[in-house]
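Worksheet: one structure, shown below.
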2 protein chains.
Amino acid sequence: MRGAVIYAPRDVRFENLDDPKILQPTDAVIRTAATCVCGSDLWPYRGLEPIDEAHPMGHEYVGFVEEVGSEVTSVEPGQFVVGSFATSDNTCANCRNGWQSNCLNREFMSTCQADYVRIPQAQGTLVATDEVPDEEFWPSLLAVSDVMGTGWYAALAAEVKPGSTAVVVGDGAVGLCGVIAAKELGAERIIVMSRHEPRQRLAREFGATDIITERGEEGVARVKDLTDGIGADAVLECVGTAQAMQQALHAARPGGNVGFVGVPHEVAIDGQELFFSHVGLRGGPAPVRRYLPDLIERVMTGRIDPGKVFDLVLPLEQVAEGYRAMDERRAIKTLLKP
Amino acid sequence: MRGAVIYAPRDVRFENLDDPKILQPTDAVIRTAATCVCGSDLWPYRGLEPIDEAHPMGHEYVGFVEEVGSEVTSVEPGQFVVGSFATSDNTCANCRNGWQSNCLNREFMSTCQADYVRIPQAQGTLVATDEVPDEEFWPSLLAVSDVMGTGWYAALAAEVKPGSTAVVVGDGAVGLCGVIAAKELGAERIIVMSRHEPRQRLAREFGATDIITERGEEGVARVKDLTDGIGADAVLECVGTAQAMQQALHAARPGGNVGFVGVPHEVAIDGQELFFSHVGLRGGPAPVRRYLPDLIERVMTGRIDPGKVFDLVLPLEQVAEGYRAMDERRAIKTLLKP
C-alpha cells in the first residue's frame with residue numbers, strides 16, 4: 001500500500017509501505033475512505049517537535065473494515081466505521097468513567113495517512129454507521145473522528161450551557177468545530193477570536209455571533225466589552241501556545257471555565273493567578289469515543305456539517321501539498337482521498 | 001479598643017487601637033463575639049510573606065452588630081452575625097453568579113483579631129442568625145466564616161458527588177472541614193493525608209474512612225492502591241505549596257477534579273502535564289457568602305460541628321500565644337475570645 005512518511009521538517013513523502021496486518025486478536029484493518037492533515041501534524045512539520053527518525057503520519061480516519069481479529073465482534077468486514085485518534089478498549093476503569101482517550105490500553109494512532117490502517121482495540125475504538133453513508137457525509141464523519149470530537153470536548157470542558165457566552169480562541173479546524181459545539185450546546189453568544197477572513201466567514205456560518213480580531217490583552221479587553229466587563233462564561237482554548245492559554249484564562253469571568261484542547265507547548269500556569277481568577281480549567285486529548293454515537297447521529301441527520309472545515313481536497317498521493325497548504329495557511333484543513 | 005498587630009515575623013502584639021467607626025453608609029461595626037488565627041496568618045508570621053509595615057491581623061469573625069451605616073437595612077444592632085473574610089455587595093455581576101469572593105467591591109478583611117471590627121459592604125456581607133445562638137454554637141459559626149466555608153468550596157470545586165471517592169491533602173483546619181464537606185456531599189470514601197495523630201483522630205470523627213501517612217509520590221501510590229489504580233474522583237488541596245499541588249494533581253484520576261483552596265505560594269502548573277491528566281482544576285478564595293445560609297442552618301440543626309477544629313481557646317489578649325501554638329503545631333486552630 002501507499003502512505004505518508006515524514007523524514008524531516010517540511011519533508012513529507014508518499015511511499016510504498018508494507019500492508020498492515022492483524023497483529024493482535026483485538027486488531028482490525030480498515031481500508032481508508034478518507035483521511036486528513038491535522039493542525040497538530042504541523043508541529044513536527046514546522047520543526048517545533050523533534051523527528052527522531054522517519055515515521056508514518058496521520059491519526060484521523062474513516063473507512064471500511066477489511067479484516068478483524070478473532071476477538072473483534074462489534075464490527076465486521078464491509079462496514080463503514082468511524083474511530084478516534086486514541087484507541088480505547090472501552091471496558092477499563094477510565095473508559096467506564098468516560099475518559100476513553102485515557103484508556104489503560106490506549107495507543108495514539110499515527111499511520112492513518114495511508115491506504116490501509118491497523119486499528120488496535122478495534123472492538124472499543126470503532127463505531128460502525130447503520131449503513132454505508134453517502135459519500136457526501138464522509139468529510140463530516142471524518143471530522144467527527146478528531147476535530148469535531150475535540151471541539152465538542154472543548155465546549156463540554158468549558159461547561160458551555162444553554163444561554164451562556166462562549167469565547168473560542170483559535171480559528172483552526174478545532175476552533176471552528178468548537179463554534180458548532182457551543183451552538184449545539186445552547187450558547188447564546190459565541191465570540192470567535194480570528195483575523196482570517198475565510199475562517200471568520202465559516203465561523204459565522206457555524207454560529208459565531210461576534211468576531212474579535214485583536215489579540216492578547218487587547219483581545220481580552222474586547223471580550224470584556226461584550227460581557228458586562230467581567231468576561232465570558234466559557235472559553236475554548238484551541239491553539240496550545242502560552243499566549244493563547246493566557247488569553248483564554250483572562251477572557252473567562254470569575255467562576256467561568258476554560259476548556260483547553262490545543263496540545264500545550266511550553267505552557268506554564270501560575271497557580272496564584274489561577275487561584276484568584278476563580279476560573280476552572282480542564283483539558284486533554286478529547287475522549288472522542290464517548291461522543292461518537294451522538295456526533296455520528298448529528299451528522300447523519302444533517303444537524304451539523306463539520307466537514308465544511310475541509311476547504312482543500314486532494315488525492316492521498318498529494319499529501320505533501322496538503323501539508324504545505326495548511327502550513328502556509330492557504331487551507332484550513334486538507335482532506336485526503338486514497 | 002484592643003487588637004492584634006503584627007510587627008515582624010513572630011512578633012504579634014496586643015495593643016490599644018482606635019475604635020472602628022462607620023466610614024461609609026454601607027459599613028457596619030460589630031462587637032466581636034469570637035475570632036481566631038488562620039493558617040494563612042502563619043505565612044507572614046513565619047516570614048514567608050513580607051510585612052512592609054506593622055498592621056492589624058485577622059479575617060474571621062462572628063459578633064454582635066453595634067452600629068450600621070445609613071444604607072444597611074438587612075441587619076440591625078443587637079443581632080448576631082456571621083460574615084466572610086471577603087466582603088461582598090451581593091449585587092454585582094460576580095456576586096449574582098455566586099462568586100461573592102470576587103465581588104467587584106470586594107475587600108479582604110484584615111482587622112478582626114480585635115474587640116470591634118468595621119465591616120464594609122455589610123448589607124451583602126453579613127448574615128444574621130434567627131436569634132442569638134447559645135454560646136456553644138459560636139465556634140462552629142466562627143468556623144463557617146472561613147475554614148468551614150473554604151472546606152465546603154474545596155469539596156464543591158473538586159466536584160465531590162454522592163458515592164465518590166475524595167482525597168484531602170492537608171490536615172489543617174481547612175482540610176478537616178473539607179472532610180466534613182465531602183461527607184455532607186455524599187462521598188463514600190474519604191482519604192485524608194495526615195501524619196499527625198490528633199488530626200487523624202478528628203478527621204475520622206468528621207468522616208474520614210482512610211488515613212495515608214506517606215507523602216509525595218509515595219502517598220500518591222497509596223491513593224492509587226485504594227482506588228483501582230487510577231486515582232480519586234475528587235481531591236481537595238488545602239495547603240498551597242507546590243508539593244501539595246503536585247500530590248493533589250497526581251492523586252486525581254483521569255477526568256477527576258482538584259479543588260484548591262490553599263493560597264498558592266510559588267506554584268506553577270505544567271500545561272502539558274495537566275493536559276494529559278484530564279484533571280479539572282478550580283481554586284480560589286471561597287465564596288463563603290454563597291454558602292452562609294446553608295452552613296449556618298447545618299450548624300444550628302447540629303448536622304455539622306466544625307467548631308471542633310478549635311483545640312485551643314484563649315482570651316483575645318493572649319493572641320500572641322495563639323499564633324505560637326499554631327506555628328509550633330501544638331494547636332490545630334486557636335479561638336480567641338474578647
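Where a number appears in this text, it was derived from the coordinates with a stated rule and is not lab data. Because the structure is predicted, anything quoted here is derived from the model rather than measured. All Cβ positions, glycine included, derive from the backbone under ideal geometry; neighbour counts span all protein chains shown.
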Table column - 3J(HN,Hα) (Hz), the range A:261-276, Karplus curve with 6.51, -1.76, 1.60, x for Gly and Pro: 10, x, 4, x, 10, 6, 10, 10, 10, 6, x, 5, 5, 4, 4, 6
MRE, 222 nm, helices only [DSSP H, n ≥ 4, -39500 (n - 2.57), over chain A, to nearest 500]: -8000 deg cm²/dmol
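Ignore the peptide's own chain and count Cβ atoms of other chains within 10 Å of each Cβ in B:279-288; give me the average, rounded. Write out the running numbers ahead of the final one.
Details: counts 4, 9, 9, 10, 10, 9, 3, 1, 3, 0.
Per residue, the number of nearby Cβ atoms from other chains is 6 on average.
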When you count, for each residue, the other Cβ atoms within 10 Å and take the mean per peptide, how do A:203-213, A:92-102 rank with the highest first? A:92-102, A:203-213
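Beyond 29 Å between alpha-carbons counts as too far, so tell me which of A:K183/A:K333; A:K21/B:K224; B:K183/B:K333; A:K161/A:K224; A:K333/B:K161; A:K161/B:K161 fall in that bin. Provide the component values of the computation, followed by the final result.
Working: A:K183/A:K333 21 Å; A:K21/B:K224 36 Å; B:K183/B:K333 21 Å; A:K161/A:K224 19 Å; A:K333/B:K161 41 Å; A:K161/B:K161 20 Å.
Where the Cα-Cα span goes over 29 Å, the pairs concerned are A:K21/B:K224; A:K333/B:K161.
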Among B:65-78, A:255-268, how do they line up by average Cβ neighbours within 10 Å per residue, starting with the highest? A:255-268, B:65-78
In whole angstrom, the spacing between the Cα centers of the range B:61-138 and the range B:262-338 equals 18
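Where in chain A are the helices, taken as whole DSSP H runs, whose Cα atoms extend 27 angstrom or more along the long axis and whose Kyte-Doolittle mean reaches at least 0.0? Walk me through the intermediate numbers first.
Numbers: long enough: none.
Correct list, ordered by number: empty.
For chain A, what is the relative contact order in percent, using Cα pairs closer than 8 Å and at least 6 residues apart in sequence?
Working: 880 pairs, mean separation 62.9, N = 338.
The normalised contact order for chain A reaches 19 percent.
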If a paramagnetic tag sat 7 Å from the Cα of B:K161 along the Cα-Cβ line, which residues of the range B:221-263 would have the backbone N under 13 Å from that point? B:233-234, B:255-257
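Hey, got the average number of other protein chain Cβ atoms within 10 angstrom for residues in B:254-264?
Details: counts 13, 9, 2, 2, 1, 1, 3, 1, 2, 4, 7.
Across the residues of B:254-264, the mean count of other-chain Cβ atoms within 10 Å is 4.
Give me A:L316, B:L295 sorted ascending by neighbouring Cβ count inside 10 Å, so fewest comes first. Walk me through the intermediate numbers first.
Values: A:L316 21, B:L295 29.
Listing A:L316, B:L295 from fewest to most nearby Cβ atoms yields A:L316, B:L295.
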Report, by chain and number, residues whose modeled amide H sits under 5 Å from the one on A:R2, excluding near sequence neighbours (fewer than 5 apart, same chain). A:L17, A:D115, A:Y116
In chain B, taking the dipole from +1 charges on Lys and Arg beta carbons and -1 charges on Asp and Glu beta carbons about the Cα centre, the listed residue (B:V37, B:I6, B:G98) farthest towards the positive end is B:G98
Can you find, among B:T165, B:G231, B:Q200, the residue farthest towards the positive end of the dipole of the range B:150-283? Put +1 on the C-beta of Lys and Arg, -1 on that of Asp and Glu. B:Q200
Label-point separation (nm) for A:S74 and A:A242, each offset 7 Å from Cα along Cα-to-Cβ? 4.1
Output, in nm with one decimal and in ascending order, the distances from the B:T301 label point to the matching label points of the other copies (7 Å from Cα along Cα-to-Cβ). 4.1
Between B:D19 and the same site in the other copies, what are the distances in nm, shortest first, taking label points 7 Å from Cα along the C-beta direction? 9.6
Nm distances between copies for B:T91, ranked from closest, using label points 7 Å along Cα→Cβ: 6.2
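Could you order peptides B:11-20, A:151-160 by the average number of other Cβ atoms within 10 Å of their residues, highest first? Could you put the intermediate results ahead of the total?
Numbers: B:11-20: 14.2, A:151-160: 28.1.
Going from most to least packed, we get A:151-160, B:11-20.
Calculate the mean, over all residues of peptide B:94-102, of how many other protein chain Cβ atoms lie within 10 angstrom of the residue's Cβ. All intermediate terms of the calculation are to be shown ahead of the outcome.
On the way: counts 8, 1, 0, 7, 3, 6, 1, 4, 7.
Counting other chains' Cβ atoms within 10 Å and averaging over B:94-102 gives 4.
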Based on Cβ point charges of +1 for Lys and Arg and -1 for Asp and Glu, what charge dipole magnitude is obtained for the protein assembly as shown about its Cα centre, in debye rounded to the nearest 20? 140
